[in-house]
2 protein chains.
Amino acid sequence: MQTKDKAVVLLSGGLDSATVMAISRDQGYEIYALSFDYGQRHRFELDAARKVAATLGARQHLVLSMDMRSIGGSALTDKRIEVPKSGPDHAGIPVTYVPARNTIFLSYALAWAEVLNAEHIFIGANCVDYSGYPDCRPAFIKAFENLANLATKSAVEGKCHIRIHAPLLTMTKSEIILKGISLGLDYSITHSCYDPDHQGLACGQCDSCILRHEGFVRAGIPDPTRYQRQS
Amino acid sequence: MQTKDKAVVLLSGGLDSATVMAISRDQGYEIYALSFDYGQRHRFELDAARKVAATLGARQHLVLSMDMRSIGGSALTDKRIEVPKSGPDHAGIPVTYVPARNTIFLSYALAWAEVLNAEHIFIGANCVDYSGYPDCRPAFIKAFENLANLATKSAVEGKCHIRIHAPLLTMTKSEIILKGISLGLDYSITHSCYDPDHQGLACGQCDSCILRHEGFVRAGIPDPTRYQRQS
């Protein structure tokens, strides 16, 4: 690419979205990182997102406040629902699923892309390790891309074609980690735990911690995560 | 209907969304009204939304705060862009268009519908008077319905089928007004002006005021809007 194309990159501060940002940088995009403060229990994610955006040289990092708590329905935003610690249950959709979260995140990314005149949106959706989340599947991503090109002024005027990039869609956690490592990504600045302690140390027991740790083990890479000391 | 089906109704407090709520009530739905505080200049809309929700007997009215101002790009949320007062320009998309607004609104409605186990979402989108807004067209509504049924836990599990109702889609403003009048709707409690004064009186000159007033004239119904005194 001669002139850098702009890309809005959804950045949670977790392992997946940090890898997506490293991939988009490697592909030469000028990065506009977008994070959400949605009343998540694990607010250490946002600190991680800031570190990742700064480290990978995002042109701008926007943190939008949004009010998911009033909608409720997820262990990640509703304090009345416990974060499960018995390992991933592949039989159903976990209670940590946030209703329509990726739909809402992509909608905001689309709004910002339109204002920036950006044609590219990157999201760390993945259908291997999170098979239970409906909005992490290829058909969902495709349907959103279709919607995006009917929803915006510039697309309708034929001035641009929005593309939703989900490069991790069919990768396993260990493949994602190896990709990030090959791009020089330092995973110690990322945060995945759903239920960290007050210092931000990972619990090591929630689904997200378990999938992350297994990923490092399978990739043969030392796990840089700082865990709470187990009693 | 024997048991009332639940419907999430997007309610701005304007003429169109109030009519949609009256239609959904007439069809027997139990109404969950959803409004947004998105830094719009015309915050009197939210007062109107509260009056409409109360008057039409919404079971619940949720007002979500959202941060459209940081994204910018519209005269309705960005104070640096003037609200135009030269009449609707059907040649292009007006600067009062808020990027991806209906996509974002419908995404939140979908999240709430999922938590409520509601299968119905009502929106006042209209492609006659607002032909310039891409996200008010039938193809957009259809694409969102398609997305919705790929995006949520209950739809993917086959437990429900989300329907997006846009009953005003092909109606003119005067037809909308006549429909609302036939359902007993009092339009004096609705607010349409993009640029009201500090008392909430309508300017009479912005696109929204002009379309609204023309609608009453063509419908042969006295316009109940309170306008600013013209100098």
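Every number here is computed from the coordinates shown, using simple stated rules; none is lab data. Keep in mind that what you see is a predicted model, and the values were worked out from it rather than measured. Neighbour counts run over all protein chains shown; Cβ positions are idealised from the backbone, glycine included.
Some observations on this one:
- Other protein chain C-beta atoms within 10 Å of residue C-beta, averaged over A:137-150: 5.
- Note on A:Arg59 and B:Asp47: their simple-model spin labels are 4.2 nm apart, each label 7 Å out from Cα toward Cβ.
- Rg/Rh for the stretch A:6-219 stands at 0.94; both radii use Cα atoms, and Rh follows the Kirkwood definition.
- Averaging Cα coordinates gives a centre for the stretch B:97-122 and one for the stretch B:192-212; these two points are 26 Å apart.
- In nanometres and ascending order, the distances from the A:Lys4 label point to those of the other copies are 5.4 (point 7 Å from Cα along Cα→Cβ).
- Computed from the Cβ-Cβ distance with R0 of 22 Å, the FRET efficiency linking A:Asp37 to A:Asp197 stands at 0.65.
- Sparsely packed loop sites in the stretch A:153-231 (the trypsin sites (Lys or Arg not before Pro) outside DSSP H, G, I, E and B with at most 11 other Cβ atoms within 10 Å) comprise A:Lys159, A:Arg229.
- Which listed pairs, of A:Lys142/B:Lys153; A:Lys159/A:Lys179; A:Lys142/A:Lys173, have C-alpha distances above 26 Å, in listed order: A:Lys159/A:Lys179
- Karplus-derived HN-Hα couplings along the stretch A:61-70 (A = 6.51, B = -1.76, C = 1.60, θ = phi - 60°), whole Hz, x at Gly and Pro: 10, 9, 10, 9, 7, 9, 9, 7, 5, 5
- Each other copy places its own label point for B:Arg43 at 2.4 nm from this one, sorted shortest first, where the point lies 7 Å along the Cα-to-beta carbon line.
- Diffusion coefficient (Stokes-Einstein, Kirkwood radius over C-alpha pairs, 4 °C, 1.567 mPa s) for the stretch A:124-231: 81 µm²/s, rounded to a whole number.
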